[in-house]
Amino acid sequence: MNPIIIFQNVAHEGPGYLGDFLTELSIPWLIVNTDDIKALPTSILSYSGVVLMGGPMSVNDDLPWIAPVLNLIREAYGADIPLLGHCLGGQLISSALGAQVMQNTIKEIGWGEVSVSQNEVAKHWFGDIESFISFHWHGETFSLPQGATILLACPYCQNQPYSIDKH
């Protein structure tokens, strides 16, 4: 099996339990720090999955690694390589797939209730759970990429996690 590549945008925000889970299942994985532009792969085709971690920056910031990472996301999506994005990672996937990332009406920081969307895709991910308390730390929101199904929402930010097929 080809390794899963994890793009890390901030040194102290690593894969955490995801890394433990992959290791326990003997799934090979590696971390690439996006600040090291020379470490970014030129193609994503030799990976079996792509994970994009969070960070305090915006997909709209003028950072040298954003355009190459957006291209790698588009390549992965076109090749049907699974994508998983957390926070900024979700914004990067949204942007790469043609959605807009913009300022939210308020910064959402702290613990708050999220509601599970009433659709079959959300039910697949969350079962019978209707809502739960989640930690939020974001000032931006995004429109949904074409074909996306929203999974969770809250009063201050309607578009949060989403799914597109297996991504």
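The values are calculated or read from the model by the stated rules, or taken from the named source; none is laboratory data. Being a predicted model, the structure only gives us computed values, none of them experimental. Virtual Cβ from ideal backbone geometry, glycine too; neighbours counted across all protein chains shown. Remember, those area values only see protein heavy atoms, side chains included, never the ligands or the DNA or RNA. Shrake-Rupley method; radii C 1.70, N 1.55, O 1.52, S 1.80 Å.
One residue stands out in segment 32-63 among those that are outside any loop (DSSP other than H, G, I, E, B), of a type outside the set (A, V, I, L, M) and open to solvent by 20 Å² or more (accessible area, probe 1.4 Å): the one that is nearest to residue 103 (Cα to Cα), namely 33. Being touching a strand residue (DSSP E or B) at 6+ places or on another chain (Cβ under 7 Å) and either farther than 17 Å from residue 89 by Cα or outside any loop (DSSP other than H, G, I, E, B) (or both) is the filter here; which residues of segment 1-17 pass it? Those that are touching a strand residue (DSSP E or B) at 6+ places or on another chain (Cβ under 7 Å) and either farther than 17 Å from residue 89 by Cα or outside any loop (DSSP other than H, G, I, E, B) (or both): 3, 4, 5, 6, 7, 8.
Can residue 165 be described as without any contact (Cβ under 8 Å) to a residue 12 or more places away in the chain and open to solvent by 40 Å² or more (accessible area, probe 1.4 Å)? In short, no. Report yes if some residue within segment 64-75 is in a strand (DSSP E or B) and either among the hydrophobic types (A, V, I, L, M, F, W, C) or without any contact (Cβ under 8 Å) to a residue 12 or more places away in the chain (or both); otherwise report no. No, because not a single residue in segment 64-75 is in a strand (DSSP E or B) and either among the hydrophobic types (A, V, I, L, M, F, W, C) or without any contact (Cβ under 8 Å) to a residue 12 or more places away in the chain (or both). Among the residues of segment 108-139, those identified as modelled with pLDDT of 90 or more, assigned to a strand (DSSP E or B) and either open to solvent by less than 50 Å² (accessible area, probe 1.4 Å) or of a type outside the set (A, V, I, L, M, F, W, C) (or both) are 110, 112, 113, 114, 115, 116, 131, 134. In segment 119-142, the residues that are without any contact (Cβ under 8 Å) to a residue 40 or more places away in the chain form Cβ pairs under 7 Å with partners that are assigned to a strand (DSSP E or B) and open to solvent by 90 Å² or more (accessible area, probe 1.4 Å), at six or more places apart or across chains, as follows: 131/113; 133/111; 133/113; 135/111; 136/109; 139/103; 139/107. For residue 105, the stated conditions hold: it is under 26 Å from residue 10 (Cα atoms), open to solvent by 60 Å² or more (accessible area, probe 1.4 Å), of a type in the set (Ser, Thr, Tyr) and modelled with pLDDT under 95.
Across segment 1-17, the number of residues qualifying as in contact (Cβ under 8 Å) with a residue 12 or more places away in the chain, open to solvent by 50 Å² or more (accessible area, probe 1.4 Å) and either closer than 26 Å to residue 57 by Cα or under 15 Å from the mean Cα position of the chain (by Cα) (or both) comes to 2. The set of residues in segment 142-167 being over 22 Å from residue 111 (Cβ atoms) and modelled with pLDDT under 85 consists of 165, 166, 167.
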